[in-house]
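Quick notes on the structure that follows.
Please treat every number below as a calculation from the coordinates, not as lab data. Here the structure is a predicted model, which is why all the values come from computation and not from measurement. Here the Cβ is made from the backbone with ideal geometry for all residues, glycine too, and neighbour counts use every protein chain on show.
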Amino acid sequence: MLHKNSTSQEHSSDTFHRLKFQSPDSFHRELQSWWHTQRSEGLSPYADWKDALKGIFFLLIIGFGYFQFLQATDSFFRALLWSSCTSLAALLLVFNFGHDASHGAVFKSQKKNYILNRILFFFLGIDGFLWTIRHLRAHHPYTNVIGADPDVSVGKILRVSPNQKHLFFHNWQPYYAPILYLLALPAGAWMKDFRLMRNNNTEKLFGYRMTKADKFWAIFFKILHLGFWILVPYISTNISLGKIFVIYFISMALSSATFIVLAALNHFSEYAEFPEHVGTNLMPTTWSEHQLRTNTDWCANSHFISYWVGGANAHVAHHLFPNLASRHLVNCTKEISKLAEKRGLPYTNLSFIDGLRSHIRFLVKLSSASYVKEIK
Ligand SMILES: [Zn+2]
């Protein structure tokens with residue numbers, strides 16, 4: 001279980017990259033002091049009964065959708081409709097609870113968080129534990145740092161930072177990026193996870209050596225995933241195995257696109273920055289300011305949206321308070337934006353549509369070789 005390492009600046013001391021940030025500033029101290037006041041007044045950092053109701057709601061949709069999928073007998077399109085519905089509900093369940101559990105923020109018991117995280121991610125085929133390793137040890141501490149944050153270090157195929165070298169095919173990235181977005185979850189499940197499990201790559205990249213048990217459970221949940229999406233539907237319906245695979249890939253593609261759009265709004269826009277270290281390992285700002293500069297919010301004042309997307313709209317707050325259940329993020333955002341304004345630090349909150357437009361403009365700008373530095 002990795003959640004113990006997921007608080008603020010301590011990341012830099014126990015990760016492979018060991019980048020360091022400037023000393024905490026008054027913004028960081030004031031924010032921490034505000035949070036300590038909230039805690040001393042009895043606020044629980046974990047999920048509550050309203051979150052439990054939401055979880056039950058998503059599970060009911062998954063159960064109903066899956067039942068309908070299995071009842072589709074020989075109707076390809078009916079099976080596809082219900083399979084997609086099941087997959088999207090599962091994605092939202094992971095967004096809400098798999099993510100919070102990876103941060104140890106659903107239950108007080110960290111063992112329960114670990115089990116919940118592993119079970120929920122099986123719906124998407126991604127290993128929850130491997131995802132947690134890279135999320136806590138690299139994405140959170142080194143957000144948007146090329147070479148350290150695996151979420152922006154997507155290889156040469158996409159240019160997602162002005163600091164990244166431009167290659168000739170990036171000219172067309174606004175056209176082919178959507179295709180890659182559709183493939184994100186299957187690629188994560190069937191390529192990235194296996195790459196991480198080979199040759200002690202988790203140790204080389206994230207400073208964690210996988211045990212035999214880690215690998216066993218990773219494979220176990222992948223087999224369970226195939227059983228759920230392929231074997232059971234194949235046995236229960238008269239649809240051919242080839243068509244079942246097509247249904248599976250389309251369902252996963254829809255969830256992939258939803259997942260990437262939500263993540264892209266947070267980190268890949270004209271308003272997000274991509275800082276680099278100064279000299280060997282020193283970052284140019286404090287860790288808190290780094291989070292303000294590398295994360296973008298959308299509709300961050302909406303409790304309603306936050307409730308259904310697991311706080312993905314209030315992502316700055318999530319990065320500044322990674323161990324908090326998502327139900328607190330909108331309230332934290334109000335304090336963060338107020339303090340950021342007071343200290344003259346940037347904080348960005350867009351509408352969903354503006355965030356989407358900004359992401360598209362961002363892809364277009366980075367497709368040009370002449371676009372090399374500061375996005376803003
Ligand atoms: Zn997170």
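Here are a few things to note about the model shown:
- Near D127: Cβ cut-off under 10 Å, other residues only, Lys/Arg at +1 and Asp/Glu at -1. The net charge is +2.
- Axis angle, to the nearest 10 degrees, between helix 76-93 and the longest C-alpha principal axis of the chain: 30 degrees.
- Around N266: net Lys/Arg minus Asp/Glu count, Cβ-Cβ under 10 Å: -2
- Estimated FRET transfer efficiency (K165, K204; beta-carbon r; R0 30 Å; 0.05): 0.85
- Per-residue ellipticity at 222 nm computed for the chain from its helices equals -16500 deg cm²/dmol, with DSSP H segments shorter than 4 residues left out and the rest contributing -39,500 (n - 2.57).
- In the chain, a dipole from Cβ-located charges (positive for Lys and Arg, negative for Asp and Glu) runs towards its positive end, and of S251, T294, N199 it is N199 whose Cα lies farthest in that direction.
- Axis angle, to the nearest 10 degrees, between helix 110-121 and the longest C-alpha principal axis of the chain: 50 degrees.
- Summary value for the chain: 25 percent relative contact order, contacts being C-alpha pairs under 8 angstrom separated by 6+ residues.
- Legend: calculated FRET efficiency, K50 to V278, from the Cβ-Cβ distance at R0 = 41 Å, rounded to 0.05, equals 0.40.
- Relative to the Cα centre, the charge distribution of segment 8-366, modelled as +1 at Lys and Arg Cβ and -1 at Asp and Glu Cβ, gives a dipole magnitude of about 640 debye.
- Summarising the label geometry, the points placed 7 Å from Cα in the beta-carbon direction at K111 and F76 lie 4.9 nm from one another.
- Dmax and Rg, reported as Rg then Dmax, of segment 8-366 (C-alpha, Å): 20.5, 64
- D51 sits among other residues whose Cβ lies under 13 Å from its own Cβ, and their net charge, with Lys and Arg +1 and Asp and Glu -1, is +1.
- Sorted on the mean count of surrounding Cβ atoms within 10 Å across their residues, most packed first, peptides 299-307, 40-48 read 299-307, 40-48.
- Bridging of K342 to aspartates and glutamates at a Cα separation below 12 Å is possible for E30, once same-chain residues fewer than 8 apart are set aside.
- Full extension of the chain between K212 and S368 gives 51.6 nm of extra length, using 0.36 nm per residue less the Cα-Cα distance.
- Extension gain for S26 to L226 (0.36 nm times residue separation, less C-alpha to C-alpha distance): 67.0 nm.
- Going from the residue with the fewest nearby Cβ atoms within 10 Å to the one with the most, L92, L185 rank L92, L185.
- Principal semi-axes in Å for segment 229-365 [√(5λ), Cα gyration tensor, largest first]: 36, 18, 15
- Considering only L70, I305, V330, and ranking their Cα positions along the charge dipole of the chain that arises from unit charges at the beta-carbon of Lys, Arg, Asp and Glu, the one farthest toward the positive end is L70.
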